[in-house]
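Take a look at the structure below.
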Amino acid sequence: MRILVTGGAGFIGSHLCERLLGEGHEVVCLDNFFTGTKNNISHLLDNHSFELIRHDITEPILLEVDRIYNFACPASPVHYQYNPVKTVKTSVMGTINMLGMAKRVRARILQASTSEVYGDPQIHPQTEDYWGNVNPIGIRSCYDEGKRVAETLMMDYHRQNGVDVRIIRIFNTYGPKMAENDGRVVSNFITQALRGEDITVYGEGNQTRSFCYVSDLVEGIVRMMGCENFIGPVNLGNPTETTILEFAEKIINLTGSSSKIIFKPLPADDPKQRQPDISLAGEKLAWEPVVSVEEGLKKTIDYFSSLMV
Ligand code: NAD
Ligand code: UDP
């Protein structure tokens, strides 16, 4: 198949391009390089089945493809808050453009949604039938509400135009090729630990997250795209939950760092707890993560160490 991956030069997108090429598909990687880099995909450029297009999904584009993975959108709070209006445009206008393409060429389209559609959740762990607790006017809204509208657009193009859609809600994912400077907790803590700098825990560190290794996520993504009778939304994430303070301690142990933990103000609207209920993914996709947090973190630490040599 010829498969379009928007945001294909980003962290998750570049792993997905690799996986799809490995399965023998033709891959068209589309990216505006806002947060993605050519380094993430440079090793694929010699592959005749790989094509790179510099393009912004907020502008229309005509392509003929069989499948579309719509992953273009900055994912780290620091990046998506840098130009919040653009973040909304990417999720709304960008998703409309990709849905228009899917409709025109009758391609199946999978939308990378997020656990952020649950906002600061009042039920725990989060199931797909929970409608969320999102502040519509806060500093995270450009991302959260953008992704919620993207889900709405997917469902309306499906109901109104019969577009073949899939929706996944990705929970915090980490691994090699995350941007070193993206401000997310995994990249921050690992680079701080490796440099012997203070580890910056926001708030008291009692907020929780559940971290999924990227190869596990990619497996779930590909299974969902291939699923015939289920459009989602489906949660994809690792249910192993940890407080951010415990996570900082784990990184210090795994790196053998002499870094100290310091506390900084908690950003506005930072969700207090987050853990995916992945029963639906188990039932519909026979999917569950297999990489332990220790194993995944070791690979990620090796990656960041190699960048610092
Ligand atoms: P990333 O920032 O590494 O990748 C995003 C990619 O999209 C980058 O290559 C960027 O240059 C590109 N991009 C951004 N705006 C664009 C535009 N207007 N036109 C074309 N390209 C554009 O982030 P990631 O972690 O790889 O996330 C990928 C997707 O998965 C995003 O849609 C994100 O919302 C979603 N997601 C990620 C996580 C996570 O934990 N990593 C969690 C939930 C959802
Ligand atoms: N965080 C932290 N220190 C950092 C970066 C992030 O304590 O240097 C916290 C952040 O406040 C949040 C959690 O770690 O509670 C996860 O943050 P991230 O930006 O990775 O993703 P989020 O899940 O908030 O989108």
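In this label model, residue 261 and residue 159 are separated by 4.6 nm, measuring between points 7 Å along each Cα→Cβ vector. Output the pairs from 250/299; 86/298; 86/147; 147/272 with a Cα-Cα distance over 24 Å in this structure; if there are none, say none. The pairs that break the limit, which is 24 Å between Cα atoms, are 86/298.
Residues whose amide H falls under 5 Å from that of residue 168, counting only those 5 or more places apart or on a different chain, are 111, 113, 234, with hydrogens built in the peptide plane. Between residue 250 and residue 103, the simple label model (points 7 Å from Cα in the Cβ direction) yields a spacing of 4.3 nm.
Placing a label point 7 Å from the Cα of residue 240 along the Cα-to-Cβ direction, the residues of region 193-234 with a backbone N closer than 11 Å are 211-213. Using Cα atoms only, what is the angle between the long axis of helix 185-195 and the major principal axis of the chain, expressed in degrees (0 to 90) to the nearest 10? The helix 185-195 is inclined about 50 degrees to the chain. Positive end of the dipole of the chain (Cβ unit charges, origin at the Cα centre): among 81, 254, 234, the Cα lying farthest that way belongs to 81.
Tell me the relative contact order for region 25-109 as a rounded percent, counting alpha carbon contacts under 8 Å between residues six or more apart. Don't jump to the answer; show the numbers that get you there.
On the way: 89 pairs, mean separation 27.7, N = 85.
It comes to 33 percent, rounded to a whole number.
Residues of region 100-143 falling in the label zone of residue 64, defined by backbone nitrogen less than 13 Å from a point 7 Å along Cα to beta-carbon, are 105-106.
Just the protein heavy atoms count here, and of the accessible area of region 1-131 at 1.4 Å, carbon and sulfur take up 52 percent. Springs join every pair of Cα atoms under 10 Å in this Gaussian network model of the chain, and among 74, 136, 121 the largest mean-square fluctuation is at 136. What a 1.4 Å probe finds exposed on region 230-281 is 55% carbon and sulfur by accessible area, rounded to a whole percent.
Helix 244-255 axis versus longest C-alpha principal axis of the chain: approximately 80°, rounded to the nearest ten. 3J(HN,Hα) along region 272-284: 7, 8, 7, 7, x, 8, 10, 4, 5, 4, x, 5, 8 Hz, from the Karplus curve 6.51 cos²θ - 1.76 cosθ + 1.60 with θ = phi - 60°, whole Hz, x for Gly and Pro. Spin-label pair residue 1-residue 215: with each label point 7 Å from Cα along the Cα-Cβ axis, the two points sit 2.3 nm from one another. The Cα atoms of the chain give a gyration tensor whose axes a ≥ b ≥ c have a/c of 1.5 or more with a/b greater than b/c, which makes the shape prolate.
The separation of region 266-309 from region 76-146, counted between C-alpha centres, amounts to 19 Å. The relative contact order of region 180-305, computed from alpha carbon pairs under 8 Å that lie at least 6 residues apart in sequence, is 39 percent.
Per residue, region 102-175 exposes 41 Å² of solvent-accessible protein surface, assessed with a 1.4 angstrom probe and all protein chains in place. Region 1-61 and region 224-246 have their alpha-carbon centroids 23 Å apart.
Can you tell me which of 249, 26, 228 moves the most in a GNM of the chain? Springs connect C-alpha atoms under 10 Å apart. The residue with the greatest mean-square fluctuation here is 228.
Stretching the chain fully between residue 279 and residue 45 yields a gain of 80.4 nm (0.36 nm per residue, less the alpha carbon separation). Taking Cβ atoms as reference points and 10 Å as the exclusive limit, the residues near residue 126 contribute a net charge of -1, counting Lys and Arg as +1 and Asp and Glu as -1.
In percent, what relative contact order does the chain have, based on Cα pairs under 8 Å that are 6 or more apart in sequence?
The normalised contact order for the chain reaches 17 percent.
Summing Lys and Arg as +1 and Asp and Glu as -1 over all other residues whose Cβ lies under 13 Å from the Cβ of residue 162 gives a net charge of +3. Against the chain, whose longest principal axis is taken from its Cα atoms, helix 11-22 shows a tilt of about 50°.
The values are calculated or read from the model by the stated rules, or taken from the named source; none is laboratory data. Predicted model only: the values in this text are computed from it and were never measured. Here the Cβ is made from the backbone with ideal geometry for all residues, glycine too, and neighbour counts use every protein chain on show. Ligands, DNA and RNA are stripped out before the accessible areas are found, and what is left, the full protein with its side chains, is counted by its heavy atoms. Shrake-Rupley method; radii C 1.70, N 1.55, O 1.52, S 1.80 Å.
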